[in-house]
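What follows is a set of notes on a single structure, which appears directly below.
Read-outs throughout are calculated quantities, based only on the coordinates presented, and are distinct from any laboratory measurement. Since this is a predicted model, take the numbers as computed values, not measurements. Here the Cβ positions follow ideal geometry from the backbone for every residue, glycine too, while neighbour counts run over all protein chains shown.
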Amino acid sequence: MLVFRRNAGESFLVGDNVEVRILEIGRNQVKIGVVAPREIGIYRSEISRLNRKAAVDSLQSVDLKNAVLALQRALQKREKDQPVKST
Amino acid sequence: MVEAQPLPSGVLRFPEGLPGFENLTQFVLLQDEDLVPLAFLASLVEPRVCLPVLPVRRLDTDYDLRLDEDDRRVLHLTGEGDLLCLAIVTLGDGAAPPTANLLAPIVVNLSNWTAKQVIQIHSSYSPALEIA
């Protein structure tokens, strides 16, 4: 892994046509801007990870039936606790 | 009780794939009346990829979905459009509770069955809302 330091306002290039800009540095977060061609997908890695986990859990859940029942009960409870407005 | 919206029964096309499964662009929604309101978003080419989904409105009736220009372009959406908004559910393993991703719902344009996972950058929605 390449490791280097950047200050707010600075940027770096990945290949010829992707530029990553450090816009703001907060206490626990950095705000990042990415300039890239449309066809390049940019995904937050946690979304990819979550999708994979959701797919894996549904497959590996040895007791899918029970997992679904638990979910259905939780949903019913939720709707009872937070009455739904008619729209 | 939120009125159930019928789910599309044909092939959903994800032009950009699904994050984590970028090469998969064709999915179907599998439904079983015993599992309602849960459905499964299953890849047509990779049967191991099967994600449980719930209509977002079942979790948050006031859900504030926003689409930017790029989302609308990918979905071929003009005007308001007829949309379906689904949250991906992680069922958990018994010890961990089921959670739903409200930060990045799957939005389906019901007029052409094109779909995209849309990150709600403006929001503070949780990627792992505990359903309990």
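In table form, for the structure just shown:
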read-out: Stokes-Einstein D in µm²/s, Kirkwood radius over Cα pairs - the protein assembly as shown at 4 °C with 1.567 mPa s viscosity; value: 69
read-out: Alpha-carbon Rg/Rh ratio, for chain B, with Rh computed the Kirkwood way; value: 0.93
read-out: Value of Rg to Rh for chain A (Rh from inverse mean 1/r over Cα pairs, i.e. Kirkwood); value: 1.20
read-out: Charge dipole (segment B:12-98, unit charges on Cβ, about Cα centre) - positive-most of B:42, B:74, B:53; value: B:42
read-out: Three principal axis lengths of segment B:8-65 [C-alpha, angstrom, descending]; value: 32, 29, 19
read-out: Exposed-loop-free span, longest in chain B, where GluC sites (Glu not before Pro) count as exposed if DSSP calls them loop and at most 14 other C-beta atoms lie within 10 Å; value: B:23-79
read-out: Restricting chain A to trypsin sites (Lys or Arg not before Pro) in coil, as DSSP defines it, with at most 16 other Cβ within 10 Å; value: A:5, A:6, A:27, A:38, A:44, A:85
read-out: C-alpha long axis of helix A:45-60 to longest principal axis of chain A, angle in °; value: 30
read-out: Proximal aspartates and glutamates relative to residue A:65, as straight alpha-carbon distance under 15 Å, when same-chain residues fewer than 8 apart are discounted; value: A:57, B:32, B:33, B:34, B:93
read-out: Debye equation applied to the C-alpha atoms of segment B:85-132, log10 I(q)/I(0) at 0.13, 0.25, 0.28, 0.31 Å⁻¹; value: -0.34, -0.86, -0.96, -1.05
read-out: Restricting chain A to GluC sites (Glu not before Pro) in coil, as DSSP defines it, with at most 15 other Cβ within 10 Å; value: A:10, A:39
read-out: Cβ-derived FRET efficiency at R0 35 Å, residue A:16 paired with residue B:69, nearest 0.05; value: 0.90
